[in-house]
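The values are calculated or read from the model by the stated rules, or taken from the named source; none is laboratory data. No experiment lies behind these values; they were computed from the predicted model shown. We place every Cβ from the backbone using ideal geometry, glycine too, and count neighbours over all the protein chains shown.
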């Protein structure tokens, strides 16, 4: 009896945890992960933990509601939708042509999640958001060389552009080779095409402007040479031509950098955050300033340094993080915390929000109905899916408890009925009576 009530107690606790704690998942710190925004969900893939192990996790941040950065609405999909391998230094891009809701993961380090040894089988993998399934699509054309330290952008015709990167021992190459080619992946026709430039880049940021020009900022061209951040590499996707534009600097110094991020603001200004540099022979040193803005509407382009304020106290400098623009908020996630004169020693476990209207780090994400009005149906769908997860879990637990209670009551009833039956005569009582 005591065991029964103890089991019931545990199941009741489980109900409370499921009902009130479904969103209590908190991803641990990582760097060189990948992220992409799909409708009102910000998806994250893989990354490397501080202990060097590589993750195969898939999880997302629900942006269809307001929240505080101390308690983000995370949802973990790893148990049903994990990457088929551990992944970091990869890049992801989405394709919502014809509402396919596909996410493509390209290149990077691919390792067996158990042995942490190389397990490369395909340069590209596809993840369908609706089915939560992965597969390696069949693609025509010349297969690209394996590489890492890359960033992808996608246009509205279903093409994804991946530039440069580095092929080294982590991706199966015997010696490091910095690359200058441009990979174009046509998701509609499932076709690779590769063209060359004369400009080598890795660990850069890539931003597609409304005029069809991709702006590549920063990065490095060999192991110890970070490129001049004033030299903006441009690729015109309409004419398939390359150019370099020299941006004007302000009076202050803006450090050259790699492993930074860039997002495009509505006014066609590119907001660059974080990254690292090489100083006095030390790699991965903190850059200054943390935030710089490139105005692409001026001729020539012009760098400025905004006045950044914070309502969250001291904010860490990061490299190997991700940044995504959602409405008026730049969402920065994870990464290595950089220092002035030493290598990074700590991995960031948090997300941070910058209101790009006034360059202020803020405590909360405010869901803006007007701005997301066109996504209302999708938002409701996201909330519905989240609720379905909760309801399904709760119903499953409740049904289990009901079955257990029913089984217990039946057992008690049968046991009691047997107890009340008259004892049958013992045959031994009649031996020798005759």
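Quick notes
- Residue check, residue 294 outside any strand (DSSP E or B) and either surrounded by 15 or more Cβ atoms within 10 Å (Cβ to Cβ) or in contact with a strand residue (DSSP E or B) (Cβ under 6 Å, 6 or more places away or on another chain) (or both): no
- Failed item, numbered, when residue 283 is tested on (1) free of Cβ contacts under 8 Å to residues at least 60 places away in the same chain; (2) over 17 Å from residue 230 (Cα atoms); (3) part of a strand (DSSP E or B): (1)
- All conditions in (1) at pLDDT 95 or above; (2) in contact with a strand residue (DSSP E or B) (Cβ under 7 Å, 6 or more places away or on another chain); (3) within 15 Å of residue 351 (Cα to Cα) hold for residue 25, with the sole exception of (1).
- The single condition among (1) modelled with pLDDT of 95 or more; (2) more than 12 Å from the chain's Cα centre (by Cα); (3) not in a loop (DSSP other than H, G, I, E, B) that residue 14 does not satisfy is (1).
- Whether a residue is more than 23 Å from residue 348 (Cα to Cα) and either loosely packed, with under 15 Cβ neighbours inside 10 Å or modelled with pLDDT of 95 or more (or both) was assessed, and residue 9 passes this test.
- Restricting the stretch 208-232 to residues that are assigned to a strand (DSSP E or B) and touching a residue at least 60 places away in the same chain (Cβ under 8 Å) leaves a set whose member that is farthest from residue 275 (Cα to Cα) is 214.
- Pick from the stretch 165-178, criterion more than 21 Å from the chain's Cα centre (by Cα) and part of a loop (DSSP other than H, G, I, E, B), ranking: surrounded by the most Cβ atoms within 10 Å (Cβ to Cβ): 168
- Residue tally, condition farther than 19 Å from residue 337 by Cβ and either touching a helix residue (DSSP H, G or I) at 6+ places or on another chain (Cβ under 7 Å) or not in a loop (DSSP other than H, G, I, E, B) (or both), over the stretch 31-55: 11
- Hits in the stretch 95-113 - residues which are assigned to a strand (DSSP E or B), touching a helix residue (DSSP H, G or I) at 6+ places or on another chain (Cβ under 9 Å) and closer than 15 Å to residue 127 by Cβ: 110
- If the condition is being part of a strand (DSSP E or B) and within 20 Å of residue 54 (Cβ to Cβ), then the stretch 131-164 contributes 134, 148, 152.
- Sole residue being out of contact with any strand residue (DSSP E or B) (no Cβ under 7 Å at 6 or more places or on another chain), surrounded by fewer than 19 Cβ atoms within 10 Å (Cβ to Cβ) and farther than 30 Å from residue 51 by Cβ, chosen from 128, 99: 99
Here's the yes/no breakdown for (1) in contact with a strand residue (DSSP E or B) (Cβ under 7 Å, 6 or more places away or on another chain); (2) at pLDDT below 95; (3) buried (at least 22 other Cβ atoms within 10 Å of the Cβ):
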| site | (1), (2), (3) |
| --- | --- |
| 251 | no, yes, no |
| 269 | yes, no, no |
| 275 | yes, no, yes |
| 279 | yes, yes, no |
| 289 | no, no, no |
| 301 | yes, no, no |
| 305 | yes, no, no |
| 312 | yes, yes, no |
| 318 | yes, no, yes |
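- Test: residue in the stretch 109-117 that is surrounded by fewer than 17 Cβ atoms within 10 Å (Cβ to Cβ), within 22 Å of the chain's Cα centre (by Cα) and at pLDDT below 95: no
- Strands (runs of 3 or more DSSP E) contained entirely in the stretch 299-354, each with at least 3 residues that are over 15 Å from residue 275 (Cα atoms) and over 16 Å from the mean Cα position of the chain (by Cα): 302-304
- Considering residues of the stretch 130-146 that are in contact (Cβ under 8 Å) with a residue 40 or more places away in the chain and over 19 Å from the mean Cα position of the chain (by Cα) only, the residue nearest to residue 82 (Cα to Cα): 137
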